[in-house]
Structure formats: structure tokens, C-alpha cells
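A single structure is presented below for examination.
Laboratory data are not the source of any read-out in this text; all were calculated from the coordinates shown. As the structure is a prediction and not an experimental result, all values here were calculated from the model. Counting neighbours? That spans all protein chains shown, and the Cβs are built from the backbone with ideal geometry, glycine included.
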Amino acid sequence: MAQPIPFSRNAGATRARHAKAMLLPIARSIADDLALRVHLALDALRRGVGSKTDAQTLTQIMLLTSFLTESGFGSISDEALGAADRAVSAVLDIGRETGEWRLDDAGFALFALLATNYDRQLHSAPLWAITEASERLDRFVAGVSDQTPVRKRA
């Protein structure tokens, strides 16, 4: 008869492993996959063959980069974020009106800077920071208060 694999049933050990994992960056393959999606969306919009989904991807990384910067990971100026917001808003407005999803050269330069910063953040920020930024983005998209939830202490 096969012997079961001896895993610790101690809840404290499980919590400790989870807490340790939250302090480490995400796996390199996951970070690379997330970054690649951003670069593909950016390239498609630069070439004028983008879509609404590509514009939404850039909007999401703009927000995630901002949230991670606020948490102390990476740096991006408020002016650059404001200009990027205006650039992606123009892409969305023109795309909805004409069906052409294109990012101009100035917008491309801004989002290339953001994408590079986002790459660095994905490869260096701990999982807890990325998780909090992602949850904050979900709340923003849902139109819920942007207040960070209070963590429960064990």
C-alpha cells in the first residue's frame, strides 16, 4: 500500500510558509508573462493595429505602476502619469469613435517608460505589494472605495 507524503498539518507552519512567500518577488516566468502582454499591447497600439483590450491593458499597467510606486517600489513622476492618462484617454476616445486604436509617438514614449518601470516592479517587488496593487485595481474597476482594507492580525 502506498504511503502518504508526510506534510505538516500544523497551521502555524502553513502560515509561516505563506508569510515567507509574500515577502519574495513573484516567479520570474509569471513576471515575464505579465510584462510580455504589456509590451505586445504597446506595440500593437504603436503600429495602429491595437484594440480596446490593448488600450485597457495600458490603463491597467499605468494604475498598477502608480500603486506600486506609492508602496515604495519604483519611481514615476506625477507629471508622467498625468500625461500617460491623457494619452490613453485619447486612444480610448478616438478608438470608440473611429475604430482605430493607435497610440501617437509621444504616448508611446510615455508608455514605454511605464512598461519598463512595470517590468522592474514585477521582478523586484514582493508578492504582498503586487497583490495589494492588484486588489486596489480590482476595487478601482468595480467603483469601490480605494481604501486599503485593514489586515486581520492572528
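Using a Förster distance of 25 angstrom, determine the FRET efficiency expected from the C-beta separation of Arg37 and Ser77, and round it to 0.05.
Computed FRET efficiency for Arg37 and Ser77 comes out at 0.55.
Please report Rg over Rh for segment 26-142, where both radii come from the alpha carbon positions and Rh follows the Kirkwood definition.
Rg/Rh: 0.96.
Which stretch or stretches of segment 104-147 have amide N atoms under 15 Å from the point lying 7 Å from Glu70's Cα along the Cα→Cβ direction?
129-147
Please rank Ile130, Ile76, fewest neighbouring Cβ atoms within 10 Å first, as an exposure proxy.
Fewest-to-most ranking of Ile130, Ile76: Ile76, Ile130.
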